[in-house]
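Participant: For reference, the structure I am asking about is given below.
The values are calculated or read from the model by the stated rules, or taken from the named source; none is laboratory data. Every value quoted in this text rests on a predicted model; they were computed, and no experiment measured them. Neighbour counts are summed over all protein chains in view; Cβ atoms, including those assigned to glycine, are modelled from backbone coordinates with ideal geometry. Only protein heavy atoms, including side chains, enter the accessible area calculation; ligands, DNA and RNA are left aside. Shrake-Rupley method; radii C 1.70, N 1.55, O 1.52, S 1.80 Å.
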Amino acid sequence: MKRTTLIALATACLLALMTTGTLSAQAVEPIRYTLRFPAPHTHYVEVEASIPTAGRPEVEVYMATWTPGSYLIREYERHVEAVTAANGTAPLAVEKSRKNRWKITTGGARIVTLRYKVYSREMTVRNNWVEAGFAMINGAPTFLTLPDRATRAHEVKVELPAAWKGVQTPLMPVAGAANTFRADDFDTLIDSPIIIGNPVVREFTVDGKKHALVLEGDPSLFDADRAAADVKKIVEAGRNVMGPLPYPHYYFLNMVTESGGGLEHKNSFLGMSGRFTTRTHRSYMGWLGLIAHEYFHNWNVKRLRPVELGPFDYENENYVKTLWVAEGFTDYYADVLPRRAGIATPQEFLDGLSNQIEAVQTTPGRLVTPVNMSSYDTWIKQYRPDENTANTSVNYYPKGAVIAFLLDAKIRKSSNEARSLDTGMQWAMQRYSGDKGYTPDQFYQVMSEAAGTDLKGWFAKAAESTDELDYSEALDYYGLRFRPVDTRNARAFIGGGTRNDAGRLVITSVRRGTPAIEAGLNVDDEILAIDDVRVRADGLAARLDQYKPGDRISVLVARRDKLTRLDVTLGAEPGRAWRLEPSPTATAEQKARLTAWMGQ
């Protein structure tokens, strides 16, 4: 065969491999990005991307429309502007081909330079924020890539403004290149936030691996030393539950920006808090609970995952029925880890679990939608709640946490304390982590093996039906009870949520099973008077205290400015009937189980 023919054949094979995505990331030239902040006070990051083309006459690049861990199409491309391409100094044609895709006519150039700007002013963990003092960059709303992104490395260089001194990111640094980092594939790039500015950093080591607590924003009042010491305890507690640390390093990226929320990543977590977080016990314990939740995700979701959550389709919904495991079980361990770390008291642990149970049992939608379908519908419901959401759906976070609590007790009882939910999670990790993923039936099977009995029917009732959860077995096993509620002096109760709208008392929600819905009160009704006496926007509670449960009142409302009278029979304000406490009749054996479970 002639040499020229061999060269042509080799070139064709290379192009085919790159097109089909079967060539390794090491063999394919990376996309190289440069991030610049010439005027950060305007909230823009400018991106330059060196795009390999393999000599193709046309390439198409795209941007993710959502980010893993936050299951809603976010339409990140709406913040992209001024997209241009060039071969050296020669401009190239760029045409938008879909809402989040652009086609570049290369003219045969091997490398094209793509430039664009991203407006960055959304203070949430799923988007970007750029201001004069710092930048918070997430992958999904920032980086355009090629369709063969799974087999291609991506490098990011950050050019720092003069006043900014450092970059903190879980991406691996490129040796010999200042502020330059590498991701072996696009998934890793998407999964690695970048914090740029002048952060406060506290490092610690667990099992020989570096961990860093990074504080950016206004951390001047945040007790970094205390926080780092307690975060280390949570890391050790997580390791004790799930086994060896599965990452090369881990970054706790905390934006002290008077905001909230957290989002898990494979080797990091990005969260937000207030500057006074460490000043009060309640706010500090809430923050540590968030840390525990997001940290436990480095096993549950980032490595042990539902089969549907990988490889990701970044342009469309990825439907999954087991977010009640991915998020709910993680929420259970968000209470477990601080307790086992010796940070939370036994009562704080029980209070946290009580809050989860109460959230489930006071949601009418638990009787309408199974939690597995609540998971499936997360793309249209979880992040878009309205005034009727509580009537039609149940949140998979608290219900999943409660299922985990009941399952933990069931496994402990069935195995005579030889195994626990920890065991089931470890076994699931061994079988289904990495590229595998689990189906619901596979997850049910591994938990059945941990319990030593078939739990498929139990899961069908708990997760796939709207049957009420049965707490009796778990309460009896640990010697717990729900605290009795004294209803003798219960306050009168209408049941509709309200807000003060510039002096107007407006109904915001009407839950099923309340006097409000029975009487015909509607969302957006303005309550004007009760029994012909005006009710001010801040006076509803005080007015209702003048009545008793069972009293019949006349409520005057304005509905789209038309006055309407409605008769309401007041109910009794429900007490907090779902508060866990040790039973006064608990046996020594029950107390011992409770102690073992709570890690006292």
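Participant: Aspartates and glutamates within cross-link reach of residue 321: Cα-Cα under 14 Å, excluding same-chain residues under 8 positions apart?
Facilitator: Leaving aside aspartates and glutamates fewer than 8 places away in the same chain, those within reach of residue 321 are 308, 377, 441, 464.
Participant: To continue, here is another question. On a 20 Å Cα-Cα criterion, which of the cross-link pairs 99/381; 96/117; 103/157 come out too long?
Facilitator: Checking Cα-Cα distances, 99/381; 103/157 exceed 20 Å.
Participant: Now for a different question. Using a 1.4 Å probe on the protein chains only, how many percent of the accessible area of the stretch 347-428 belongs to carbon and sulfur?
Facilitator: 46
Participant: Hey, if you put +1 on the Cβ of every Lys and Arg and -1 on every Asp and Glu Cβ in the chain, which of 286, 388, 598 ends up farthest toward the positive end of that dipole?
Facilitator: Ranked along the dipole, the leading option is 286.
Participant: Among 295, 54, 521, whose Cα projects farthest towards the positive end of the dipole of the chain, with charges put on the beta-carbon of Lys, Arg (+1) and Asp, Glu (-1)?
Facilitator: Final value for the positive-end residue is 54.
Participant: Please report, in debye to the nearest 20, how large the charge dipole of the stretch 67-152 is about its Cα centre when each Lys and Arg carries +1 at its beta carbon and each Asp and Glu carries -1 there.
Facilitator: 240
Participant: If you don't mind, another one. Any idea what the relative contact order of the chain is, in percent, if you count C-alpha pairs under 8 Å spaced at least 6 apart?
Facilitator: Averaging sequence separation for qualifying contacts and normalising by length gives 9 percent for the chain.
Participant: Continuing with the same structure: If you roll a 1.4 Å probe over the heavy atoms of the protein chains, what accessible area per residue do you get for the chain, in Å²?
Facilitator: Heavy-atom SASA per residue in the chain reads 42 Å².
Participant: Residue 551's amide H: which non-local residues (gap 5+, or another chain) put their own amide H closer than 5 Å, with H modeled 1.01 Å from N in plane and none for Pro or chain starts?
Facilitator: Answer set, sorted by chain and number: 570.
Participant: Residues with amide H under 5 Å of residue 45's amide H, sequence separation 5 or more or different chain, H placed in the peptide plane at 1.01 Å from N; which?
Facilitator: 118, 120
Participant: Also, quick follow-up: Once neighbouring chains are kept in place and the probe is 1.4 Å, which whole percent of the accessible area of the stretch 537-600 is contributed by carbon and sulfur?
Facilitator: Result for the stretch 537-600: 50 percent of the exposed heavy-atom area is carbon or sulfur.
Participant: Additional query: So if I take the alpha carbon set of the stretch 39-182, get Rg, then get Rh from the Kirkwood formula, what is the Rg over Rh ratio?
Facilitator: Rg divided by Rh gives 0.96.
Participant: Additional query: Checking the cross-link filter: which lysines have an alpha carbon closer than 16 Å to that of residue 413, excluding same-chain neighbours under 8 positions apart?
Facilitator: Those lysines meeting the cut-off are 591.
Participant: Run the accessible area of the stretch 102-198 with a 1.4 Å probe and give the carbon-and-sulfur part as a rounded percent.
Facilitator: Working: 1640 of 3240 Å².
After summing per-atom areas, the C and S share lands at 50 percent.
Participant: Can you spot the aspartates and glutamates whose alpha carbon is less than 16 Å from residue 209's alpha carbon? Ignore those fewer than 8 places along the same chain.
Facilitator: The qualifying aspartates and glutamates are 236.
Participant: Arrange the peptides 334-345, 227-238, 462-473 so that the one whose residues have, on average, the most other Cβ atoms within 10 Å appears first.
Facilitator: For the peptides 334-345, 227-238, 462-473, the packing ranking is 334-345, 227-238, 462-473.
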